[in-house]
Amino acid sequence: MRIRSLDDAATTEETLLTLALTPLVKELKALECNKESQISKVKAALVKAVNEIAEPHQERFSSISRQIQTGFQHVFPALGVQLSVEMNPPELKIDNLLKQGSGLLVKEAAGNSRIGQQGTGARRALFWAMLQVHNEISRQNEKREALLKSFREQLKKEVRKNVKSENINLLKQQIDAIENGAPVPEDTDDPALPGYILLMDEPENALHPMAARAAQAHLYELGKHPDWQVLLTTHSPYFINPLEDHTTIARMQRSTDGKSLSPRLYVADEANFSLDEKDNLQALQLTDIGFAEIFFGSYPIIVEGDTEHAAFISAITKEKHGDVR
């Protein structure tokens with residue numbers, strides 16, 4: 001799945017609501033068709049209440065009917081006219097009604113708020129989380145439908161044999177269980193596992209530094225999950241962590257003529273840091289975000305300490321070396 005730099009949460013929230021509410025809507029529609037259900041009784045009670053409220057108005061309706069009939073009978077004297085006013089049972093668009101009243105709420109100390117009331121960074125973080133859940137639900141639904149189709153085909157074959165079989169009862173029970181929300185067993189032979197590739201453009205957009213660090217930790221942790229592979233494009237050192245295992249960093253640089261891109265690769269598993277070196281570098285990265293900036297430069301220059309770093313930058317600025325940043 002692809003998350004573009006300017007994608008937002010609003011449309012994803014609606015799609016996710018549709019997926020989340022589908023089983024409930026299906027059940028409510030079935031109840032609506034059942035005359036003995038509470039929903040049908042409430043609809044009938046509404047019709048009765050409205051018609052009772054309309055009863056005192058019948059004389060006015062009859063007066064209007066008589067006025068219409070007077071003009072109408074000048075042309076068709078044998079015909080009469082009656083204004084009939086009564087309510088039919090309402091047709092409930094349950095899915096739309098549920099969506100209008102449903103949604104994700106962000107819990108804060110001051111109370112709950114809607115997604116649209118959040119800042120851009122919070123909306124993007126919600127967008128990532130919703131998209132992950134959306135795809136997992138979609139995948140489960142696809143597996144459920146495939147399993148139901150397989151069971152139903154097997155059941156047809158068993159019924160055609162015209163022989164009483166334990167398999168028929170078993171298949172009916174399995175179909176009933178899957179239709180009623182029983183968990184779908186994982187297919188260990190499924191060649192599609194891991195099942196998700198997350199492509200994310202510029203996750204740093206609208207995130208303040210601490211949120212960017214938290215987002216980086218979340219996305220790297222997600223990449224460790226056997227079902228997920230995560231690919232990011234970024235301009236922020238906050239999302240570069242060369243010390244995480246199984247990490248590949250590719251710096252894309254245009255050629256001099258601007259017609260091609262050449263990657264420079266760093267592969268964490270080939271770095272061969274000792275445990276002490278890794279601990280020291282991790283501590284450095286936590287205290288100095290500039291450590292990760294080396295991956296954004298074509299030819300990094302290493303200086304000894306903060307004083308030398310400041311002096312070097314000052315010299316470069318004074319000499320106006322445009323190629324050094």
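Some observations on this one:
- Around the amide H of GLN229, modelled in the peptide plane, lie the amide H atoms of TYR196, ILE197, LEU198, all under 5 Å away and 5 or more residues distant in sequence or on another chain.
- Per-selection Kirkwood Rh - the chain (Cα, Å, 1 d.p.): 27.3 Å
- Backbone HN-Hα couplings from phi across the range 293-299 [Karplus 6.51/-1.76/1.60, Hz, Gly and Pro as x]: 5, 4, 6, 9, x, 6, 9
- The stretch between ARG60 and HIS218, if pulled fully straight at 0.36 nm per residue, gains 50.0 nm over its current Cα-Cα span.
- Modelled this way, with points 7 Å down the Cα-to-C-beta line, the labels at MET87 and THR317 are 7.5 nm from one another.
- The slack in the chain from ILE68 to ALA44, taken as 0.36 nm per residue of separation less the alpha-carbon distance, amounts to 5.5 nm.
- Highest-fluctuation residue, SER262, SER102, SER65 considered, GNM on the chain with Cα pairs under 10 Å: SER65
- FRET efficiency for the HIS225 to SER262 pair, using the beta carbon distance and R₀ = 35 Å, is estimated at 0.65.
- Shape call, the range 229-319: gyration tensor on alpha carbons, a/c limit 1.5: oblate
- Extending 7 Å from Cα along the Cβ direction at ASN280 and again at LEU19 yields two label points whose distance is 4.7 nm.
- Counting only alpha carbon atoms, the long axis of helix 58-72 and the longest principal axis of the chain meet at about 70°.
- What you get for the range 196-315, charging only the Cβ of Lys and Arg (+1) and of Asp and Glu (-1), is a dipole of about 460 debye around the Cα centre.
- The chain: most fluctuating residue of ILE301, ILE197, ILE249 per GNM, C-alpha cutoff 10 Å: ILE301
- Dividing the summed -39500 (n - 2.57) terms of all DSSP H runs of n ≥ 4 by the residue count of the chain sets its mean residue ellipticity at 222 nm at -17000 deg cm²/dmol.
- Rounded to the nearest 10 degrees, the inclination of helix 166-179 to the longest alpha-carbon principal axis of the chain is 80 degrees.
- Rounded to 10°, Cα long-axis angle of helix 275-287 versus longest principal axis of the chain: 70 degrees
- Rounded to 5, the percent of DSSP beta bridges in the range 196-315 classed as antiparallel: 55 percent
- Selected from ALA146, VAL42, PHE76, residue furthest toward positive end of dipole (the range 42-155; charges at beta carbon): ALA146
- More than 19 angstrom apart: percent of Cα pairs within the range 20-103: 60 percent
- Placing unit charges on the Cβ atoms of the charged side chains and taking the dipole of the chain about its Cα centre, the candidate lying farthest along the positive direction among LEU170, LEU105, ILE302 is LEU170.
- Hz values of 3J(HN,Hα) by residue in the range 122-127 - Karplus curve (6.51, -1.76, 1.60), Gly and Pro given as x: 5, 5, 5, 4, 5, 4
- Between GLN285, GLN117, GLN82, the residue with the greatest mean-square fluctuation in the GNM of the chain (Cα pairs under 10 Å linked by springs) is GLN82.
- The charge dipole of the range 92-163, taken about its Cα centre with unit charges on the Cβ atoms of Lys, Arg (+1), Asp and Glu (-1) only, comes to about 340 debye.
- Taken about its Cα centre, the chain carries a charge dipole of roughly 1860 debye when the Cβ of each Lys and Arg holds +1 and the Cβ of each Asp and Glu holds -1.
FYI, it's all coordinate maths here, none of it is from the lab. Every value quoted in this text rests on a predicted model; they were computed, and no experiment measured them. FYI the Cβ positions are ideal-geometry reconstructions off the backbone, even for glycines, and counts take in every protein chain you see.
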